[in-house]
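Colleague: Input: one structure, supplied below.
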Amino acid sequence: MKVIEDILADAAQIAAVRRDIHAHPELSFQEERTAELVAQQLTQWGIDVHRGIGTTGVVGVVRNGTSPRAIGLRADMDALPVQEINTFAHASQHLGKMHACGHDGHTAMLLAAAKYLAKHKPFDGTVYLIFQPAEEGGGGALEMMRDGLFDRFPMEAVFGMHNWPGMPLGSFALSPGPVMASSNEFKITIHGKGCHAAMPHNGLDPVPVACQLVQGFQTIVSRNKKPIDAGVISVTMINAGAATNVIPDSCELQGTVRTFTLEVLDLIESRMREMSEQLCAAFGLRCEFSFERNYPPTINDESASAFARQVMTGMVGVENVLKQEPTMGAEDFAYMLQAKPGAYCFIGNGDGDHRATGHGEGPCTLHNPSYDFNDDLIPLGATYWVELARQWLAKT
């Protein structure tokens with residue numbers, strides 16, 4: 001495993017910054033302290049800083065030489081509304097807020113790369129350091145783009161990275177094509193007519209219709225789309241009634257849909273709407289159907305993925321650059337990849353052995369109250385950012 005010596009020498013200092021961010025988590029679009037810390041570090045290293053992009057986003061600009069070429073490197077900064085159960089010294093100091101996904105570590109890795117790039121400038125061109133707010137459901141990537149990210153900071157390509165628990169430390173995973181799913185939400189309200197539960201003939205019961213819909217939606221996955229096309233429909237909430245002897249006026253279903261392509265998403269939304277409205281009509285009930293598309297699928301550019309894989313291979317060897325197994329989780333970096341070529345990779349966070357003391361009883365998995373980022377990743381992740389920028393700007 002090859003890491004840059006200067007970055008390795010600064011690893012303890014950057015890890016301290018990471019732990020400070022972990023102890024002071026901030027939710028989507030509330031990353032005021034984190035953004036200020038990032039901006040102060042970048043300014044201290046002589047980097048041109050732009051604040052308040054997409055509400056609380058920060059962009060650092062490192063230039064060298066005369067080349068007009070540019071690359072973007074992105075890290076996310078926000079935490080989750082999770083109550084941390086770890087008891088180590090850098091555990092969250094804010095009730096109900098926690099860095100349970102490693103965005104503190106993502107920020108730290110990009111800061112470590114920023115320091116090296118600013119000091120040594122081993123490239124000809126421009127590197128844009130993108131510290132993004134609100135990845136966890138807020139769509140901060142899209143907000144930064146709406147605020148002129150790619151117009152104000154024109155770049156050829158943009159790259160992102162996420163730590164991945166269970167993958168060995170010292171490994172990466174990267175593949176072209178879809179690697180994370182689209183994220184979508186639905187809400188269906190079935191309006192009937194309430195009555196006494198002992199006299200159901202006097203009303204229009206929405207509950208049996210809701211039960212049929214929950215089962216029927218799974219036939220969309222198994223019988224309407226191609227078997228080789230991935231798609232998930234999960235009804236996660238059913239709300240109806242307030243008494244055991246009263247048939248309710250209405251029943252509400254909510255849940256999520258995940259797909260790797262917009263074509264499958266179009267099919268699922270269309271069939272869900274048809275099934276809901278027509279089944280309700282068949283029973284004499286009325287249906288309100290809403291479907292909200294959140295994040296699109298994260299689709300890695302083939303050429304950019306191949307280039308990034310070469311960079312990784314030179315650092316950790318071909319055997320440690322794994323195939324990136326697509327996940328039905330979602331990521332708003334997808335918006336950036338719709339606008340620019342690029343790739344989103346995973347970096348191994350290990351199996352949790354780094355949490356020797358003070359961690360909770362649960363596993364070190366993402367969005368878990370016992371999670372903690374592995375600080376041993378910082379030199380490797382930062383070296384990847386530096387080498388990716390250097391080699392990208394040097395390529396013909």
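Any read-out appearing in this document is the output of simple, stated calculations on the displayed coordinates, not a laboratory observation. As the structure is a computational prediction, the values presented were derived from the model and not from experiment. Every residue, glycine among them, receives a Cβ derived from its backbone with ideal geometry; neighbour counts consider all protein chains shown.
Colleague: What list do you get for 260, 283 if you sort them by fewest beta carbons within 10 Å?
Modeller: 283, 260
Colleague: If each of residue 120 and residue 286 carries a label point 7 Å out from its Cα toward its Cβ, how far apart are those two points in nm?
Modeller: Here the modelled spin labels are 6.8 nm apart.
Colleague: Find how many whole Å separate the alpha carbon centroid of region 299-347 from the alpha carbon centroid of region 87-135.
Modeller: Here the two parts' Cα centres lie 19 Å apart.
Colleague: In whole Å, how far is the Cα centre of region 5-38 from that of region 161-232?
Modeller: With region 5-38 and region 161-232 each reduced to a Cα centre, they are spaced 37 Å.
Colleague: Would you mind working out the magnitude of the charge dipole of the chain relative to its Cα centre, with +1 at each Lys and Arg C-beta and -1 at each Asp and Glu C-beta, to the nearest 20 Debye?
Modeller: The dipole magnitude comes to about 640 debye.
Colleague: Find how much the distance from residue 219 to residue 187 grows on full extension, using 0.36 nm per residue of separation minus their present alpha carbon separation; answer in nm with one decimal.
Modeller: Result for the pair: 9.7 nm of gain on full extension.
Colleague: May I ask you to compute the full-extension gain from residue 351 to residue 5, defined as 0.36 nm times their residue separation minus their alpha-carbon distance, rounded to one decimal in nm?
Modeller: 122.0 nm
Colleague: Another question about this same structure. Find how much the distance from residue 51 to residue 294 grows on full extension, using 0.36 nm per residue of separation minus their present alpha carbon separation; answer in nm with one decimal.
Modeller: 84.9 nm
Colleague: Counting only the backbone N, which residues of region 135-160 are under 19 Å from the spot 7 Å out from the Cα of residue 338 toward its beta-carbon?
Modeller: Only 135-152, 155, 157-160 fall inside the zone, counting backbone N under 19 Å.
Colleague: Counting only DSSP beta bridges with both residues in the chain, tell me the antiparallel percent, nearest 5.
Modeller: Taking every DSSP beta bridge within the chain, about 70 percent pair in antiparallel fashion.
Colleague: Let me ask you something else. Please find the FRET efficiency linking residue 87 to residue 249, where r is the Cβ-Cβ separation and R0 is fixed at 41 Å, and quote it to the nearest 0.05.
Modeller: Once the sixth-power term is evaluated, E becomes 0.30.
Colleague: Sticking with this structure for a sec: Go through the cysteines of the chain and tell me which have no other cysteine Cβ under 4.7 Å away.
Modeller: 101, 195, 211, 251, 345, 364
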